[in-house]
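The values are calculated or read from the model by the stated rules, or taken from the named source; none is laboratory data. No experiment lies behind these values; they were computed from the predicted model shown. When we count neighbours, we look across all protein chains shown, and the Cβ atoms used for this are built from the backbone with ideal geometry, even at glycine. Accessible surface areas use protein heavy atoms only, side chains included; no ligands, DNA or RNA. Shrake-Rupley method; radii C 1.70, N 1.55, O 1.52, S 1.80 Å.
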Amino acid sequence: MSRFKFSVGPWNVADGTDVYGPPTRRPLDLETKIKKFAELGFSAVQFHDDDVVPDISSKSEKQIIAEAKSVKAMLDHYNLKAEFVAPRLWFESEFKDGAYTAPKKANWEHALWRSYRSIDIANVLGCDLIVLWLAREGTLCLESKKPVPAILQLVESLNKMLRYDAKIRIAIEPKPNEPIDRSYAGTIGHALAVAGMTIDPDRVGGLLESAHATMAGLDPTHEMAFALAVGKLWSVHLNDQNGVRFDQDRAFGAENLRSAFNQIKVLCDNNYGANGEYIGLDVKAMRSSDDAYGFKHLETSLRIVRLMEKKVGQLDQAKVDAFVAVNDYEGLEMYILELLLGA
Ligand SMILES: [Mn+2]
């Protein structure tokens with residue numbers, strides 16, 4: 001039905017809170033979500049460290065391993081894999097001015113402690129990928145940090161993780177802003193440049209989220225293409241975004257079907273998934289959705305990916321080539337629009 005394997009995170013079934021108001025849906029426990037993910041056809045779950053071990057900073061290393069083992073058993077029960085573990089550093093108040101770029105050494109060391117624990121958890125869950133969304137690695141007040149030393153401290157943070165575990169791989173998920181105002185690594189180009197500065201560039205790659213690329217004013221397809229060309233597109237967060245504003249995590253294709261088509265096309269054309277990569281759907285229900293519709297955005301996104309795979313299969317490359325040969329790009333554009341409209 002689909003050439004791809006799909007993944008999703010517990011945060012993608014959210015309680016509907018936003019910065020201006022309280023939750024609008026009841027919270028669900030982890031097992032309820034995981035059971036439903038399996039029913040919907042997902043193959044893997046993405047985790048924050050504290051999705052697996054709530055309140056992780058207060059727990060011993062032994063306790064963390066034990067709790068990770070019980071989540072691993074839950075995954076096995078529902079025949080799901082873990083795709084990656086991501087330290088959720090942005091939620092701790094001590095990291096309010098950055099974690100890997102924390103100005104205070106004690107805070108940086110705690111960020112590294114949580115990163116090592118994420119690697120431990122990944123090992124228990126049977127995955128070799130850590131994702132770093134560098135949420136607060138940047139500034140709210142530009143003069144509060146010196147950018148060059150901060151960026152070098154970020155690179156050294158990755159080096160420490162690479163030294164901690166000889167097999168772990170790290171994917172940087174770039175985003176240009178929010179929650180910080182100015183990110184140090186806002187695009188896939190930044191992420192791959194950071195990878196190249198580490199002690200083991202082969203073990204550092206990227207995760208591209210459609211909405212984050214759009215927020216950077218860039219095209220998600222070309223951002224994916226750049227990472228694919230470098231051989232470093234290790235995961236994607238497909239979703240959609242209405243322009244340059246807060247991170248909306250809309251259902252895939254909900255805002256821009258042509259972009260959705262091109263994202264699936266670049267993944268199909270380049271055999272994404274052949275090395276075990278998943279299509280992650282980082283989508284959230286609208287705040288106005290009731291409990292009964294709290295998973296529908298996932299069903300919508302899965303269906304749109306599959307329908308777009310069909311559209312990609314229907315594309316006649318000979319027609320594309322013929323339009324290009326005579327510089328008839330107006331004709332090519334109409335051909336693509338008619339294909340998408342089923343006309
Ligand atoms: Mn997002």
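Quick notes on this structure:
- Distance from the stretch 42-56 to the stretch 74-134 (C-alpha centre basis), Å: 10 Å
- Aspartates and glutamates whose Cα lies under 19 Å from that of LYS62, excluding same-chain neighbours fewer than 8 positions away: ASP49, ASP50, ASP51, ASP120, ASP165
- Remark: the chain carries a charge dipole of roughly 580 debye about the Cα centre, counting +1 on each Lys and Arg Cβ and -1 on each Asp and Glu Cβ.
- log10 of Debye I(q)/I(0), alpha-carbon scatterers only, for the stretch 209-248 at 0.30 Å⁻¹: -0.98
- The calculated 222 nm mean residue ellipticity attributable to helices in the chain amounts to -14000 deg cm²/dmol, summing -39500 (n - 2.57) over DSSP H runs of n ≥ 4 and dividing by all residues.
- Largest to smallest accessible area among CYS141, CYS127 [probe 1.4 Å]: CYS141, CYS127
- Built amide H within the under 5 Å cut-off of GLU209, gap 5+: HIS237
- Solvent-accessible area of THR32 with every protein chain in place, 1.4 Å probe, in Å² to the nearest 10: 60 Å²
- Compactness of the stretch 78-130 as Cα Rg over 2.2 N^0.38 Å, two decimals: 1.30
- Amide H within-cut-off set for HIS48, under 5 Å, with H built and near neighbours excluded: ALA86
- Cross-link partners of LYS59 among lysines (Cα-Cα below 19 Å; sequence separation of 8 or more within a chain): LYS69, LYS72
- Restricting the stretch 244-343 to trypsin sites (Lys or Arg not before Pro) that sit in a DSSP loop and have at most 13 other Cβ atoms within 10 Å of their own Cβ leaves ARG245.
- Scattering profile of the chain at q = 0.07, 0.11, 0.12 Å⁻¹ [log10 I(q)/I(0), Debye over alpha-carbon scatterers]: -0.29, -0.73, -0.87
- Among the listed pairs LYS96/LYS145; LYS35/LYS296; LYS35/LYS167, a Cα-Cα separation exceeding 18 Å is found for LYS35/LYS167.
- Simple spin-label estimate for LYS59 and ALA193 in nanometres, 7 Å along Cα-Cβ: 3.8 nm
- Normalising the average separation of contacting C-alpha pairs (under 8 angstrom, six or more residues apart) by the number of residues puts the relative contact order of the chain at 16 percent.
- Of all DSSP-defined beta bridges confined to the chain, some 15% are antiparallel rather than parallel.
- Counting protein heavy atoms only, the chain has 53 percent of its accessible area on carbon and sulfur, 1.4 angstrom probe.
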